[in-house]
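Asker: Please read through the structure below; I'll follow up with questions.
The values are calculated or read from the model by the stated rules, or taken from the named source; none is laboratory data. Owing to the predicted nature of the structure, the values given are computational and were not obtained by experimental measurement. Here the Cβ positions follow ideal geometry from the backbone for every residue, glycine too, while neighbour counts run over all protein chains shown. Each accessible area value is taken on the protein alone, full model and side chains, heavy atoms only, with ligands, DNA and RNA left out. Shrake-Rupley method; radii C 1.70, N 1.55, O 1.52, S 1.80 Å.
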Amino acid sequence: MHLSTEFRILAASDVHADAAARKAEGWRYVQMLAVNNEDSVDVVYSYMKDGLLDNAVVEALPRDARLASITDVYLEAFVCENEIHDLFGIPFDGLAIDFLGNFYRLSTESPMTIISPEKLAEQEKQRKLAEKKAKAEAAKTAKAAGEAASATDAKADAAALDAEMEAKLAAMPPEKAAKVRAAMEAKVKKQAEDGRDA
Amino acid sequence: MGKASVIPFGPQHPVLPEPLHLDLVVEDETVVDVLPQIGFVHRGLEKLVETRDYNQFIYVAERICGICAMGHSLGYAETVEAFMGVEVPARAEYLRVIWHELSRIHSHLLWLGLAADAFGFESMFMHCWRLRERVLDIFEKTTGGRVILSVVRVGGVNRDIEDSELKAICGVLDGITDEYQQIMDTLLTDMSVKNRTVGVGALTREQALELSMVGPFARASEVAYDVRSFGRGAYGALTDFQPITDAQGDCYARVKVRCEEVLQSIRIIKELSAKIPAGDISVKVKGSPEPGARAANVLEQPRGECYYYAQGNGTKFLERMRMRTPTSQNLAGMVEALKGCDLADVNMVILTIDPCISCTER
């Protein structure tokens with residue numbers, strides 16, 4: 001038997017029904033955890049059966065939200081539910097062994113939801129780096145667009161000059177036009193050879 | 001039935017090396033209900049991921065507990081490696097398992113000594129800890145540390161063990177095996193030990209499954225679940241690995257399972273030492289985890305399955321690191337095992353469950 005891990009999204013309203021279904025199917029409760037976001041909390045429920053570690057994620061739970069306790073299904077979840085309540089401030093309805101916020105002796109309420117100054121500084125640093133990178137990208141794109149536009153203009157100017165010269169040549173007597181054409185070709189060839197030598 | 005009384009047990013108690021409080025509801029010296037409480041030494045180490053990058057945090061992880069230090073650093077590293085797509089060299093995988101199994105031997109011998117001391121078997125306590133010293137000497141020779149080893153890194157290990165040194169370690173383990181076998185035989189056949197443990201704090205297989213118990217506590221109730229049997233890393237190279245179980249589910253069964261697990265760990269180390277491949281011991285890990293990258297992982301610690309979760313946020317700091325320890329998972333089982341036992345047996349039940357409060361209070 002090999003271990004495999006899966007993550008899936010679970011609606012907050014389905015937490016209890018999902019736990020009951022898992023229990024009926026013989027899944028073992030593994031753990032619960034919470035992840036703090038800027039203005040919400042994710043809660044992850046893990047179960048295991050036949051080497052499959054299944055992680056059901058309740059995403060973006062508002063800070064004032066409540067969850068249904070699964071301790072009537074899996075009593076052993078009381079440790080994690082009390083912990084999440086004390087550290088993240090998410091209350092659980094119907095918690096079998098409820099320490100009413102006294103599971104841990106804490107000096108700060110919901111300490112895991114407080115973003116530390118170090119993390120804020122790192123976030124600010126990352127934001128500035130992203131802004132700088134975006135600016136550099138934008139400047140690079142603008143420069144490339146400008147160069148492309150000027151190249152197009154140069155090509156258009158050259159085409160206009162060619163058309164003007166062709167009109168003049170057409171107005172000349174054929175012998176003179178042939179001499180001028182040969183002189184122009186020789187000039188272009190010489191310029192090309194000079195460019196190679198350089 | 002007499003009148004129910006509540007007797008507080010702990011957090012400071014001679015049998016508890018770490019603070020755990022139990023409110024024991026007793027009637028006529030029989031425990032009828034239990035309310036456990038932890039939280040006396042909660043340290044908030046998981047919060048430190050905000051100020052220690054994912055390479056530095058490995059040193060925080062292994063300081064969660066002095067007994068499970070090696071396992072925590074290994075479990076953490078494997079989790080980070082999973083979402084960063086790091087392929088660890090084969091030799092490093094073998095070395096990690098060798099150190100981890102040595103750690104299991106040291107943990108079980110430490111526990112056995114404490115249990116013997118609680119039985120009033122002081123000479124046994126001395127012998128167990130004398131043998132444990134020899135394991136700690138191996139740690140010191142191979143890593144420079146006796147408790148905090150700091151050998152695991154994200155991407156491999158920091159130190160190699162020469163093949164000649166591995167042979168020497170196997171020689172030491174052979175010596176330990178001979179002496180340990182005598183200790184184990186004495187302990188498991190001793191009448192006073194049996195009187196204190198047989199039939200005490202028994203849980204059936206159904207109860208163990210119902211309460212999602214893990215580790216030797218569950219295996220003593222015939223639940224054949226051991227994370228090592230998934231065969232990940234160097235465990236996959238073992239010719240045969242079977243979890244050690246017992247059908248009785250009482251304190252004696254728990255003692256027996258742990259005793260036999262020491263010999264099993266010695267066999268694992270010797271087999272892997274003979275098979276260890278040559279090669280690099282680490283790969284360089286560059287960059288930071290992608291935003292939202294996450295991984296979950298389980299590892300068999302000496303006390304059972306430990307769950308690790310890590311989530312990245314695009315920086316070198318992790319967004320979240322979480323460890324659910326085996327003791328946390330076994331608290332409900334402990335409550336159930338205590339129900340119905342004599343007040344005088346409470347310490348024996350707790351000891352044979354071997355709770356690690358330090359891990360649980362990360």
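Asker: What residue, among those in segment B:303-320 that are of a type in the set (S, T, N, Q) and facing another protein chain (nearest Cβ under 8 Å), is nearest to residue B:46 (Cα to Cα)? I'd like the intermediate steps shown before the answer.
Answerer: Step one: filter segment B:303-320 for residues of a type in the set (S, T, N, Q), giving B:311, B:313, B:315.
Now narrow it down to the ones that are facing another protein chain (nearest Cβ under 8 Å): B:311, B:315.
Working: B:311: 12, B:315: 17 Å.
Selected residue: B:311.
Asker: Out of (1) open to solvent by less than 20 Å² (accessible area, probe 1.4 Å); (2) out of contact with any strand residue (DSSP E or B) (no Cβ under 8 Å at 6 or more places or on another chain), what's the single condition that is false for residue B:34?
Answerer: Only one criterion is unmet by residue B:34, namely (2).
Asker: Go through (1) open to solvent by 20 Å² or more (accessible area, probe 1.4 Å); (2) assigned to a helix (DSSP H, G or I); (3) of a type outside the set (Lys, Arg) for residue B:340 and report which single condition fails.
Answerer: Condition (2) is where residue B:340 drops out.
Asker: Would you please list the contacts, defined by Cβ atoms under 7 Å and residues six or more apart or on different chains, that run from a residue in segment B:124-135 that is under 14 Å from residue B:259 (Cβ atoms) to a residue that is in a helix (DSSP H, G or I) and of a type in the set (Phe, Trp, Tyr)?
Answerer: Correct list of pairs: B:131/B:180.
Yes/no matrix, rows are residues, columns are (1) touching an Asp or Glu at 6+ places or on another chain (Cβ under 9 Å); (2) of a type in the set (A, V, I, L, M):
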residue	(1), (2)
B:54	no, no
B:120	no, no
B:141	yes, no
B:147	no, yes
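Asker: All but one of (1) at pLDDT 85 or above; (2) open to solvent by 40 Å² or more (accessible area, probe 1.4 Å); (3) within 14 Å of chain A (Cβ to nearest Cβ) hold for residue B:54, so report the exception by its number.
Answerer: (2)
Asker: Still on this structure: Can you go through A:35, A:30, A:73, A:43 and tell me which one is part of a loop (DSSP other than H, G, I, E, B) and either at pLDDT 90 or above or surrounded by fewer than 22 Cβ atoms within 10 Å (Cβ to Cβ) (or both)?
Answerer: When all the criteria are applied, what remains is A:73.
Asker: Looking at (1) crowded, with 23+ Cβ neighbours inside 10 Å; (2) within 7 Å of chain B (Cβ to nearest Cβ); (3) not acidic (Asp, Glu), which is the one condition that is false for residue A:53?
Answerer: So the condition that residue A:53 fails would be (1).
Asker: Here are some residues: A:99, A:92, A:103. Which one is under 22 Å from residue B:322 (Cα atoms), more than 38 Å from the chain's Cα centre (by Cα) and surrounded by 10 or more Cβ atoms within 10 Å (Cβ to Cβ)? First the steps, then the outcome.
Answerer: On the way: A:92 fails: more than 38 Å from the chain's Cα centre (by Cα); A:103 fails: more than 38 Å from the chain's Cα centre (by Cα).
A:99 is the lone residue from the list that is under 22 Å from residue B:322 (Cα atoms), more than 38 Å from the chain's Cα centre (by Cα) and surrounded by 10 or more Cβ atoms within 10 Å (Cβ to Cβ).
Asker: Restricting to segment A:70-93, count the residues that are away from every other protein chain (no Cβ under 14 Å) and among the small types (Gly, Ala, Ser).
Answerer: Pass one, segment A:70-93, residues away from every other protein chain (no Cβ under 14 Å): A:89-93.
Within this subset, residues satisfying the condition of being among the small types (Gly, Ala, Ser) are A:89.
Final tally of qualifying residues: 1.
Asker: Now for a separate question. Filter segment B:199-226 down to the residues that are in contact with a strand residue (DSSP E or B) (Cβ under 7 Å, 6 or more places away or on another chain) and either open to solvent by 10 Å² or more (accessible area, probe 1.4 Å) or assigned to a loop (DSSP other than H, G, I, E, B) (or both) and list them by number.
Answerer: Result: B:212, B:214, B:226.
Asker: Give me the residue from segment B:186-224 that is in contact (Cβ under 8 Å) with a residue 12 or more places away in the chain and of a type in the set (D, E, K, R) and, out of that set, farthest from the other protein chains (Cβ to nearest Cβ).
Answerer: Checked segment B:186-224; the qualifying residue farthest from the other protein chains (Cβ to nearest Cβ) is B:190.
Asker: Is it true that residue B:63 is open to solvent by 30 Å² or more (accessible area, probe 1.4 Å) and away from every other protein chain (no Cβ under 14 Å)?
Answerer: It is true that residue B:63 is open to solvent by 30 Å² or more (accessible area, probe 1.4 Å) and away from every other protein chain (no Cβ under 14 Å).
Asker: Checking the structure you have, find out if any residue of segment B:323-331 is in a helix (DSSP H, G or I), over 25 Å from residue A:32 (Cα atoms) and among the polar types (S, T, N, Q).
Answerer: Start the filter on segment B:323-331 by keeping residues that are in a helix (DSSP H, G or I), which leaves B:326-331.
Pick out the ones that are also over 25 Å from residue A:32 (Cα atoms) and you get none.
No - not one qualifying residue is present in segment B:323-331.
Asker: Restricting to segment A:6-58, name every residue that is touching a residue at least 40 places away in the same chain (Cβ under 8 Å), over 23 Å from residue B:211 (Cβ atoms) and among the β-branched types (Val, Ile, Thr).
Answerer: A:9, A:41, A:57, A:58, listed by residue number.
Asker: Look at segment A:23-50 and say how many of its residues are under 22 Å from residue B:223 (Cα atoms) and within 7 Å of another protein chain (Cβ to nearest Cβ).
Answerer: 5
Asker: Which residue pairs have Cβ atoms closer than 9 Å, lie 6 or more positions apart in sequence or on different chains, and pair a first residue in segment A:156-169 that is in the same structural domain as residue A:183 (by TED's automatic domain parsing) and free of Cβ contacts under 8 Å to residues at least 40 places away in the same chain with a second residue that is basic (Lys, Arg) and open to solvent by 90 Å² or more (accessible area, probe 1.4 Å)?
Answerer: A:169/A:176; A:169/A:181
Asker: Kindly list the number of the only condition in (1) out of contact with any Cys (no Cβ under 6 Å at 6 or more places or on another chain); (2) in contact (Cβ under 8 Å) with a residue 40 or more places away in the chain; (3) not in a loop (DSSP other than H, G, I, E, B) that fails for residue B:229.
Answerer: (2)
Asker: Does at least one position in segment B:3-24 carry a residue that is within 14 Å of chain A (Cβ to nearest Cβ), surrounded by 15 or more Cβ atoms within 10 Å (Cβ to Cβ) and of a type in the set (Val, Ile, Thr)?
Answerer: no
Asker: Let me ask something else about it. Checking residue B:227 against (1) β-branched (Val, Ile, Thr); (2) within 20 Å of residue B:108 (Cβ to Cβ); (3) over 16 Å from the mean Cα position of the chain (by Cα): exactly one of these is not met. Which one?
Answerer: Of (1) β-branched (Val, Ile, Thr); (2) within 20 Å of residue B:108 (Cβ to Cβ); (3) over 16 Å from the mean Cα position of the chain (by Cα), only one is false for residue B:227: (3).
Asker: Continuing with the same structure: Which numbered condition in (1) within 19 Å of the chain's Cα centre (by Cα); (2) over 27 Å from residue B:125 (Cβ atoms) is the only one that residue B:318 fails?
Answerer: That leaves (1) as the condition not met.
Asker: Next question. Restricting attention to segment A:105-135, which residues are more than 9 Å from chain B (Cβ to nearest Cβ), among the acidic types (Asp, Glu) and part of a helix (DSSP H, G or I)?
Answerer: The answer is A:124, A:131.
Asker: Could you run through segment B:232-263 and say how many residues are buried (at least 20 other Cβ atoms within 10 Å of the Cβ) and assigned to a helix (DSSP H, G or I)?
Answerer: 13
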